[in-house]
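Since the structure comes first, as structure tokens, the remarks are kept for the end.
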Amino acid sequence: MSHAAGLGAAAGRATLAFVQLPRTQVLAPLLVVALACHEEPSPIRHEPMRPPAASVPPAAPSVSAASDDPAAAEPPAPVAERPPADPAITKAIDLIGGSGLRFIDQADDDDSKPSEYTAEQFASMLRTKWDWIGYDIAELDTWLEEIGSRSFKTNLPYQVVLTDGTHVELRGWLDQRLAASDEP
């Protein structure tokens, strides 16, 4: 038998030995590796980016600074609850969500495409934006200026696509709808 034939036979036996292993011996180490790589979801609750209008409790003072500062001995102020919102804000979001129209968040440059939303998607996006960025906003005019009429990313006005296909700015359209809903 030649040397090359002997090596080929040995390699064949080694491959054959691996193939004849029971499936559990091959799959069990893979399962252990897969389970070891799994991470549990974070238990941390994400809070809105903007702190409430009331004072946020200060960080715990260091031991050396506590004796020098009389204010450090006072307990931290509790975090304020979200202020009650003007019902007109919820009414505006409901008018948008129930309109059945399409809404556009304009692109900030010529290379990107504008984002287009259904009425329900846009109302949901505005509600989420209000929760995260405008947590302390409770008045309709402030909400319209900071949340409801312009994109946070591009600072360009949101647009409404009317049923005839024309585009109008959301602020004017929403002002008209709010005024019409207040009339008897």
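The values are calculated or read from the model by the stated rules, or taken from the named source; none is laboratory data. Small disclaimer: the values here were computed from a predicted structure and weren't measured. Virtual Cβ from ideal backbone geometry, glycine too; neighbours counted across all protein chains shown.
Quick notes
- Residues located in region 141-174, provided they are surrounded by 13 or more Cβ atoms within 10 Å (Cβ to Cβ), more than 17 Å from residue 107 (Cβ to Cβ) and without any contact (Cβ under 8 Å) to a residue 24 or more places away in the chain: 142, 145, 146, 147, 168, 173
- Selection of region 115-158 for residues being aliphatic (A, V, I, L, M) and farther than 16 Å from residue 98 by Cα yields 133, 137, 138, 140, 144, 147, 156.
- The strands (runs of 3 or more DSSP E) falling completely within region 78-184 that include 3 or more residues that are within 20 Å of the chain's Cα centre (by Cα) map to 102-105, 115-118.
- Residues (surrounded by fewer than 17 Cβ atoms within 10 Å (Cβ to Cβ) and either under 25 Å from residue 162 (Cα atoms) or of a type in the set (D, E, K, R) (or both)) located in region 128-140: 128, 129, 131, 136, 139
- Some residue of region 127-149 being in contact with a helix residue (DSSP H, G or I) (Cβ under 7 Å, 6 or more places away or on another chain) and either over 26 Å from residue 84 (Cβ atoms) or among the polar types (S, T, N, Q) (or both): yes
To keep it simple, each residue is scored yes or no on (1) modelled with pLDDT of 95 or more; (2) under 13 Å from residue 140 (Cβ atoms).
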{"position": "82", "(1), (2)": "no, no"}
{"position": "95", "(1), (2)": "yes, yes"}
{"position": "102", "(1), (2)": "yes, no"}
{"position": "114", "(1), (2)": "no, no"}
